[in-house]
Structures are given as C-alpha cells and as structure tokens.
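One structure is given here, and the rest of the page talks about it.
The values are calculated or read from the model by the stated rules, or taken from the named source; none is laboratory data. No experiment lies behind these values; they were computed from the predicted model shown. Counting neighbours? That spans all protein chains shown, and the Cβs are built from the backbone with ideal geometry, glycine included.
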Amino acid sequence: MKRRAPRNRTLICKETEVDRLSAEVLQVERPVSEKDITGKVIRGDMFEVAGHLPKGFVDLLILDPPYNLLKNYNDLTFKEKGRDDYQKWFQNALEVLLPTLHPTATIYVCSDWKTSVLIVPILEARFHLSRLEMPNCWRIGMGADSNCELKQHQID
Ligand SMILES: C[S@@+](CC[C@H](N)C(=O)[O-])C[C@H]1O[C@@H](n2cnc3c(N)ncnc32)[C@H](O)[C@@H]1O
C-alpha cells in the first residue's frame, strides 16, 4: 500500500462501514426534491446528476474538481488537458451546477497553483470574487459585496 503523506487526512472506511454506508448513498436518475436528498450523499457523474437536482437550493457549494493533472480516482481516470480544454471542462462543470445555486450562494473552489490560473477568469466572469482564503482555495460570492464575509476561514 502506498505510504500516506503525514498531513493526508483522507478518511478510510472499514469493510463493514462500506457495507453500511453504501446502503445510504443515493443514485439520482430522475428529478428529485430537496427533501429526497437532504442529508444524503449522491454518487454519480455530476454532469448527469446535476440536471435532476432542485433549482436554487444550494447555499454553499464546495467544489473540489479534478485539478489539471493525470490522476486515477479509483474507477475514474482524469487526464491532463490542454489549457483551453481544461477551461472548457471547468466551464461546463460550472454551467451544470449554476441552476442549483441560490442567488446569494457562496462557492468555495479548491484548486492547485497551476489550475487556479485557468479557473479564476471563468469564475470572475460569473461571480463576485471575494478573496483568496487559503493558498489554494478561492471564495466566491454570487451576490453583492455585502453578501460576502471577509473573514478568514479555516478549512480542515
Ligand atoms: C480533487 S478530487 C476531490 C476529492 C474530494 N475532495 C475528497 O476528499 O474525496 C476530485 C474528485 O472529483 C471526482 N470527479 C471527477 N469527475 C467527476 C464527475 N464527472 N462527477 C462526479 N465526480 C467527479 C473524482 O472522482 C475525485 O474524487
């Protein structure tokens, strides 16, 4: 097994936990209400699921998309793309999620140094960019300045 970096806090489930928790994970293949999904985890391709989600129900979106690197996420391999292609991919990801956002929603987007320069122009074109919260996390407000708290947030 690959040795974990000392600050890696990824949670690993035991077999028994996987069995118990899997039963609670939703597959969403048709429109669902807010009540259907509150407090649940949905497993699926975001591009397919997002269209089935209720409109305007998201107050806080934490988006941790694949960075523009070759990376194997178990059964899904994300391949590094050219700059334009990554920007198109990210733009599409954002577009499918937009209808789910409440007009005053806050968005945190996680990214690495190399990818953040590609996504910031896309976010700036759509949202009010509030501030850089962490070296690699941007906080974006959808509404006016007054909707955005300028406090330092710690994301652990
Ligand atoms: C940078 S990682 C984020 C990991 C996450 N923050 C965590 O702690 O598990 C990007 C994640 O996006 C997932 N992903 C990539 N494309 C996706 C898609 N189309 N729909 C849903 N998830 C996707 C990958 O499987 C991977 O888990």
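For the reader, a short list of remarks on this structure follows.
- Just one of (1) in the same structural domain as Val18 (by TED's automatic domain parsing); (2) closer than 15 Å to Pro99 by Cβ; (3) more than 8 Å from the ligand (Cβ to nearest atom) fails for Ile42. It is (2).
- Lys55 vs. criteria at pLDDT 95 or above, on the phi < 0 side of the Ramachandran plot and exposed (fewer than 12 other Cβ atoms within 10 Å of the Cβ): yes
- When residues of the stretch 49-67 are limited to those that are β-branched (Val, Ile, Thr) and not in a helix (DSSP H, G or I), the one nearest to the chain's Cα centre (by Cα): Ile62
- Among (1) touching an Asp or Glu at 6+ places or on another chain (Cβ under 9 Å); (2) touching a residue at least 40 places away in the same chain (Cβ under 8 Å), the one test that Ala93 misses: (1)
- Residue list for the stretch 22-47, restricted to those being of a type outside the set (A, V, I, L, M) and free of Cβ contacts under 8 Å to residues at least 12 places away in the same chain: Ser22, Lys35, Asp36, Thr38, Gly39, Asp45
- Which listed residue is more than 18 Å from the chain's Cα centre (by Cα), within 20 Å of Ala93 (Cβ to Cβ) and not assigned by TED's automatic domain parsing to the domain that holds Gln91, from Val32, Val18: Val32
- In the stretch 109-120, the residues that are within 16 Å of the ligand (Cβ to nearest atom) and either of a type in the set (D, E, K, R) or over 21 Å from Arg43 (Cβ atoms) (or both): Val109, Ser111, Asp112, Trp113, Lys114, Thr115, Ser116, Leu118, Ile119
- Verdict on Val28 being away from the ligand (no atom under 13 Å from the Cβ) and not polar (S, T, N, Q): no
- For the stretch 71-84, filtering for residues that are within 13 Å of the ligand (Cβ to nearest atom) and loosely packed, with under 10 Cβ neighbours inside 10 Å leaves 5.
- Pairs with Cβ under 6 Å, 6+ apart, first in the stretch 52-77 and aromatic (Phe, Trp, Tyr), second more than 11 Å from the ligand (Cβ to nearest atom) and not in a strand (DSSP E or B): Phe57/Glu34
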